[in-house]
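Following: one structure in structure tokens, then a few remarks.
The values are calculated or read from the model by the stated rules, or taken from the named source; none is laboratory data. Model, not experiment: these values are computed from the prediction. Positions of Cβ are generated from backbone atoms using ideal geometry, with glycine treated the same way; all protein chains shown enter the neighbour counts. What goes into the accessible areas is simple: the full protein's heavy atoms, side chains included, and nothing from ligands, DNA or RNA. Shrake-Rupley method; radii C 1.70, N 1.55, O 1.52, S 1.80 Å.
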There are 2 protein chains.
Amino acid sequence: MQIESLKISYFTVYRLSTYLRVLSKLDRSRVGTITSVEIGEMTCTPDTQVRKDLAYFGQFGKSGTGYDVKKLKRKISEILGTRKIWHVALIGVGSLGRALLAYPGFKERGFYFVAAFDIDKKKIGKQFNKIIVQDMRYLEKEIKEKKIKIGTIAVPASNAQQITNRFVDAGVECIFNFAPIRLKVMKKIRVRNIDLASEIALFSFYLKNKSW
Amino acid sequence: MQIESLKISYFTVYRLSTYLRVLSKLDRSRVGTITSVEIGEMTCTPDTQVRKDLAYFGQFGKSGTGYDVKKLKRKISEILGTRKIWHVALIGVGSLGRALLAYPGFKERGFYFVAAFDIDKKKIGKQFNKIIVQDMRYLEKEIKEKKIKIGTIAVPASNAQQITNRFVDAGVECIFNFAPIRLKVMKKIRVRNIDLASEIALFSFYLKNKSW
């Protein structure tokens, strides 16, 4: 199986990621096998879609008995690259930034914050979740030395593009953006935007109009 | 124009929400008019899509001169229901929950946390961003009294479904879910899932395979 040559959509990757979460949980509860119908129920995915996604990466399951939880978990981890450790940088150690540093879900998937930066002199030198906040001037140095490929932006929109440019110039390839702004990046850079305010704004439309 | 009868996709609502953000910013900077091309550039949306979205709700712009920023902003606010104040409840006052309470983007859109709950006895009675954390037993009472229609879940996956059921039974219609689990709800309930760990997991796939 040549993963390198696969062109799969990020929707598939996202679904695999949710299957992995369920499988990890089952494995911790010592469940040995699971069917595509059960995976589907636990992730709100049609079971036909589950089978299609898994078949995409080779023959995992046995008809009738289902999938071996441990094996399937290992295989998906391998495909997603979550068996590796990835270094992550954070810019902006406000309330959202600190919540991200403390969030256990990242470490579970192999993502470790190894550097944090802020422009606020009062925060520089302070420690949050064992990470010492540094002056922005060390951004490039830290990214290169610690081989950081993922940058997390938790600053106001007005500073986000400039930080993105510095990230990319220093070697960051993936940006996790919490600033409410669309970032301009080269095509090879991957950005995931989490715009909490726009997400919640959907609800007001629904509550007002009872449709969307 | 009968908004009530409109059946529009949540993708459209989401885009309108991003236009609104840009328009609010322009209005604060005292910019008077804007073209669909400019809105498109600022939100990374094709300008044909911008014009289509806006035309959907009536004739806003003038050919050649563009849109009146103030008028367009008011109109979209009205459509999205963000000119109203919405009451929001939070369950789970951990690091993520506290970041959500402190997040200024919600208030800007008219969403106010008016109640917060936790099972941790040490947190109950404490105040975060002027909200006093309450015992879970008062959940139903608070939701009814304060006419809360939006519930935010920031607890571990294992408790999320039970809380969802209590929310819905008490009258909540929209759920903003940060627990890494797909919630089972009636069709008329709207759920937005923010699964931070699954989002970041997409990056490991990309970094490993250079595709998605």
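Figures for the structure shown
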| read-out | value |
| --- | --- |
| 1.4 Å probe accessible area per residue over segment B:17-130, in Å² | 52 |
| Residue-by-residue Karplus 3J(HN,Hα) for segment B:119-126, coefficients 6.51, -1.76, 1.60, Hz, glycine and proline x | 8, 6, 4, 5, 8, 4, x, 6 |
| Chain B residue with Cβ closest to the axis mapping B onto A, distance in whole Å | B:Ala99, 2 |
| Largest-first ordering by accessible area, 1.4 Å probe, given options B:Arg109, A:Arg83, A:Arg190 | A:Arg83, A:Arg190, B:Arg109 |
| Nearest-10 value in Å² for the accessible area of B:Glu140, using the 1.4 Å probe | 50 |
| 30 Å Cα-Cα threshold exceeded, pairs from A:Lys184/B:Lys210; A:Lys187/B:Lys70; A:Lys123/B:Lys144; A:Lys71/B:Lys187; A:Lys52/A:Lys84; A:Lys122/B:Lys208 | A:Lys187/B:Lys70; A:Lys123/B:Lys144; A:Lys71/B:Lys187; A:Lys122/B:Lys208 |
| Relative contact order of chain A, defined on C-alpha pairs under 8 angstrom at six or more residues apart (%) | 13 |
| Fraction of accessible area attributable to carbon and sulfur, segment B:86-199 (%, probe 1.4 Å) | 52 |
| Cα-based Rg of chain B normalised by 2.2 N^0.38 Å, two decimals | 1.18 |
| Label-point separation in nm, A:Cys44 to B:Lys107, each point 7 Å along Cα→Cβ | 3.1 |
| Debye log10 I(q)/I(0) for segment A:86-199, one point scatterer per Cα, at q = 0.10, 0.11, 0.15 Å⁻¹ | -0.25, -0.30, -0.58 |
| Chain B: angle of helix B:10-28 to the longest principal axis, Cα-based, in degrees nearest 10 | 70 |
| Principal-axis tilt of helix B:196-209 within chain B, Cα atoms, nearest 10 degrees | 60 |
| Summed buried accessible surface, chains A and B, 1.4 Å probe, nearest 100 Å² | 6800 |
| Members of segment B:32-49 that become less accessible by 30 Å² or more once partner protein chains are added (1.4 angstrom probe, chain alone as reference) | B:Cys44 |
| Net charge, B:Val88 excluded, C-beta distance under 13 Å - Lys, Arg +1, Asp, Glu -1 | +4 |
